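Each reported figure results from applying straightforward, stated rules to the coordinates on display, with no laboratory input. Just so it is clear, the model here is predicted, and its values are computed rather than measured. Please note: Cβ atoms are built from the backbone with ideal geometry, for glycine as well, and neighbour counts cover all protein chains shown.
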2 protein chains.
Amino acid sequence: MKNKKMMIGRYSFDEFIDAAKSFHGYPAPGIIVGGIMVDLAIENMPEGVLYNALCETASCLPDAIQLLTPCTIGNGWLSILNLGLFALSLYDKHEGKGVRVFLDPVKMEYYPEIKNWLFKLKLKTEQDKDLLLEQIEEAGRNICGIQTISIDNKYLGKNSKGAISVCAKCGEAYPQRDGAVCLSCQGKSWYISSENMQE
Amino acid sequence: MKNKKMMIGRYSFDEFIDAAKSFHGYPAPGIIVGGIMVDLAIENMPEGVLYNALCETASCLPDAIQLLTPCTIGNGWLSILNLGLFALSLYDKHEGKGVRVFLDPVKMEYYPEIKNWLFKLKLKTEQDKDLLLEQIEEAGRNICGIQTISIDNKYLGKNSKGAISVCAKCGEAYPQRDGAVCLSCQGKSWYISSENMQE
């Protein structure tokens, strides 16, 4: 039976599809399922707690977190630890206590198109996208598991970059602790050639 | 002299400050400078090219990219390679050719508050935030450098996770190539304890 009243954060299901299109470029199943998971996690955090987010996959789910929580990759409140798991945690940024929401394959018996998606049992071109979104809306939180977690202290708090110097090679500002020249000049960058366009 | 007509993408300077507040939580100097840099990079990409973004810092700049381009961390079009440099590249996602925009310390002579910020010469509590934003608006692109780059072929294209299995320990879906159990069950997660809240 369709869950017509489902909300994802402040969005209706259809509004969230539009928000996903606008931010993520297209309403990928992962961001829609992700929205439902994030919403469940938020509801299980105590009111008023300042939380960070930890996302265990780099695909889709981080964007659901960025749409629905104050945590973004650029403000540092969202971390991605790519364990290849479609799961996220929200946790008190000082104490580390929080909740983890994951997808439970056992609960997917009645939602075969979701199982096909999660386990990549069909090629993307073979997916029935409308049916998949329908099953996601129908399933809602029924396919999720939730657990309390406690983040290891060593991952709490901010990492300072330390003192900043001018790189002797490229002339850009870089963290002095990285060595005599910046990591890019040490060959760690992805680009193989470059040419200045203006001075 | 104040650059009153400066636009950052489709935003006026003040509108972009509001967009930064809304997405990033607060108008951090890094996201505002970052917006100016992203805008410059976009203008230097050929019209109609589908591009990816590479960000060389995890701080602030990724959010400027997510606000102003179609590239997000969750759709995979934005990659963060944390080299500790305040720089970004946009590049043709198939060919790898593109532009890199960086901050040029040599050009900061007339904008001391920007230099103080970039080189962390003042504590955050000592920063004159209004003056800093004023100087950022005044400086605009004057503090940026731009170069053409070519991304190494090995970083182009999508990485497939390969086949997905059920982890024999936790029961979640995980990339089979990671081993007999998922990376989390191999001890790679950040949480030290967990307890299921519902089955």
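Relative contact order, percent, of segment B:7-155 when contacts are C-alpha pairs under 8 Å separated by at least 6 residues?
Taking the mean separation of contacting Cα pairs over the length of segment B:7-155, I get 23 percent.
Kindly provide the helix-only [θ] at 222 nm of chain B, computed as the sum of -39,500 (n - 2.57) over DSSP H runs of four or more divided by all residues, to the nearest 500 deg cm²/dmol?
The helix-only estimate for chain B comes to -8000 deg cm²/dmol at 222 nm.
I need the peptides B:129-137, B:90-98 ranked by packing, meaning the mean over residues of other C-beta atoms within 10 angstrom, with the highest value on top.
Ranking the peptides B:129-137, B:90-98 by packing returns B:90-98, B:129-137.
Based only on Cα atoms, what mean projected area does the convex hull of the protein assembly as shown have, in nm²?
20.2 nm²
How large is ³J(HN,Hα), in whole Hz, for each residue of segment B:125-130 in order, when computed from phi with the Karplus curve 6.51 cos²θ - 1.76 cosθ + 1.60 and θ = phi - 60°, using x for Gly and Pro?
5, 8, 4, 8, 5, 5
Across segment B:1-120, how many lysine pairs separated by 8 or more positions, or lying on different chains, have Cα atoms within less than 25 Å?
Taking the Cα cut-off of 25 Å, the pair count is 14.
In whole angstrom, and with the biggest value first, how far do the Cα coordinates of segment B:7-155 range along each principal axis?
45, 31, 25
Whole angstrom only: what separates the Cα centroid of segment B:126-191 from the Cα centroid of segment B:28-88?
12 Å
Among B:Cys185, B:Cys71, B:Cys55, which one shows the highest mean-square fluctuation when chain B is modelled as a Gaussian network with alpha-carbon springs under 10 Å?
B:Cys185
In debye, nearest 20: dipole of segment B:160-199 around its Cα centre with unit charges on the Cβ of K, R (+) and D, E (-)?
Dipole about the Cα centre, nearest 20: 240 debye.
Relative to the other copies, what are the label-point distances for B:Gly48, with labels 7 Å from Cα along the C-beta vector, expressed in nm at one decimal and sorted shortest first?
5.8
Kindly give the semi-axes, whole Å and largest first, of the ellipsoid equivalent to segment B:135-199, taking each as the square root of 5 times a Cα gyration tensor eigenvalue.
Listed largest to smallest, the semi-axes of segment B:135-199 are 43, 22, 10 Å.
Cut-off is 10 Å between beta-carbons; in what order do A:Val33, A:Val106 appear when sorted fewest neighbours first?
With the sparsest Cβ surroundings first, the list reads A:Val106, A:Val33.
Which whole number gives the average count of other chain Cβ atoms within 10 Å of the Cβ atoms across peptide A:60-67?
4
How big is the Rg/Rh ratio for segment A:63-128, C-alpha atoms only, Rh by Kirkwood, two decimals?
Taking Rh as the inverse mean 1/r over Cα pairs, Rg/Rh reads 1.07.
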